[in-house]
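The values are calculated or read from the model by the stated rules, or taken from the named source; none is laboratory data. These numbers come from a predicted model, not from an experiment. In this analysis, Cβ positions are derived from the backbone assuming ideal geometry, glycine residues included, and neighbour counts consider all displayed protein chains.
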Amino acid sequence: MKAGLLSRRDVRFFNPGWFAATMGGSGFALVLFGAGLKELASWIMGLTAFIFLLTLLLWGTKLLLHPGQVWRDYHHPLLSQMQATFPLAFLLLGLGVDVVWGMRGLALGLALLGAVLVLLNSVLTGFLIFTRLRLPFEEANGTWFIPPVSALVVPMALAPMLKGLPWADEAYPFLWVFFGLGFVLFLWVGSTLFSRMYAHDRPAFQLLPSLWIALAPVGVGVLALEALLRAGSLDFAGAFYLEAAFWGLGAWWFLLALGVLLEDLFRHPASLWLRQAAQPGVWGLVFPLAAFTRATQHLAQALKSQAFALLAGGLLLLLTLFYLYALWGLARAFLKGEALMPPPGAKTGP
């Protein structure tokens, strides 16, 4: 039995969605930094950088040894959406390195590479969706938000790094281009997912964390808009209230997603939740909530609001629970080799 399990471990089964752990870890570190826990944030960034390098090594090995499998992943209805976590990992790691560690040169290199990869990946994924994939409407899920989020993260990460660069004036308008792309895609995908939730049953248990991904475009959108206004020295007196209005959509979705999560918590045995933790999809709980929490911290400071400050504190506690749960699952998946095993029911032959 043990030999049979070992034979099923192969790098070609490595899920690109594990890059979401870098996204979640970077987001958690940024929230901790925003809460004044700078030393803890630095430690989390160190752990996140290690996870990123390990994930990059495994995915790079898969790309070199099994390029055909990587191409097949792009034709998969779920894995094709998870490919966007690869460029996002560069962007968010770069932002964390800049804010938490103050290493601007390294951060800028990571973010620029991530921005280029975001554009290439989004065009390729869109092309394949339009020309190859045929998905039943019922299969729409929160992972479809990941490509829009990737476009919104570009200005959030790069805008604060433009100051002092000789080509800043040339680059700045293109950050607004990415913002517009991500925002419009968010509206399109959001309406599709909302219609799906009206017409069909709730997504499968394994896709439950994907409901939380809708928080990411809201949180990132608030932070990206603020970063763009600051980088351009634009005086928009009502910007904070516009950001608060956008934040309200996230607050409504947070309560909705939390209600579904709590209901499922009692509908399924603890053993199932423990097994689910070893899947990369659970990181869908972490980065979206981190982005929303960081946006809440920003509004608390900008509006000098005690109410937003209390909300940010409560969200940080929940985010910490999500992070520890996902981190435990990642440790189990990597140490036991489960990250190199096919999902249940998948074919393992050549």
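Brief remarks follow.
- Positions within the range 85-143 being touching a Phe, Trp or Tyr at 6+ places or on another chain (Cβ under 9 Å), β-branched (V, I, T), closer than 30 Å to Y198 by Cα and surrounded by fewer than 24 Cβ atoms within 10 Å (Cβ to Cβ), in sequence order: T125
Okay, residues lined up against (1) at pLDDT 95 or above; (2) among the β-branched types (V, I, T):
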| position | (1), (2) |
| --- | --- |
| G248 | yes, no |
| V260 | no, yes |
| Q276 | no, no |
| F287 | yes, no |
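- Test: residue in the range 57-69 that is more than 22 Å from G337 (Cβ to Cβ) and either in a helix (DSSP H, G or I) or within 18 Å of the chain's Cα centre (by Cα) (or both): yes
- Any pair with Cβ under 7 angstrom, 6 or more apart, that starts in the range 133-161 at a residue that is farther than 21 Å from L223 by Cα and among the charged types (D, E, K, R) and ends at one that is assigned to a helix (DSSP H, G or I) and modelled with pLDDT of 80 or more: E138/R196
- Enumeration of residues in the range 60-84 that are surrounded by 19 or more Cβ atoms within 10 Å (Cβ to Cβ) and out of contact with any Ser or Thr (no Cβ under 9 Å at 6 or more places or on another chain): K62
- Residues within the range 266-306 that are within 27 Å of G337 (Cα to Cα) and among the hydrophobic types (A, V, I, L, M, F, W, C), tallied: 11
- Only one of the listed residues (F178, F183, F205) is touching an Asp or Glu at 6+ places or on another chain (Cβ under 7 Å) and either touching a residue at least 60 places away in the same chain (Cβ under 8 Å) or within 22 Å of A244 (Cα to Cα) (or both). That residue is F205.
- The test for being at pLDDT below 95, of a type in the set (G, A, S) and assigned to a helix (DSSP H, G or I) does not hold for G164.
- All helices (runs of 4 or more DSSP H) inside the range 187-293 with 3 or more residues being closer than 22 Å to G27 by Cα and of a type outside the set (D, E): 215-231, 239-267
- So T320, is it polar (S, T, N, Q) and surrounded by fewer than 18 Cβ atoms within 10 Å (Cβ to Cβ): yes
- Residue selected from the range 78-103 under the condition assigned to a helix (DSSP H, G or I) and modelled with pLDDT under 95, by the criterion nearest to K38 (Cα to Cα): M82
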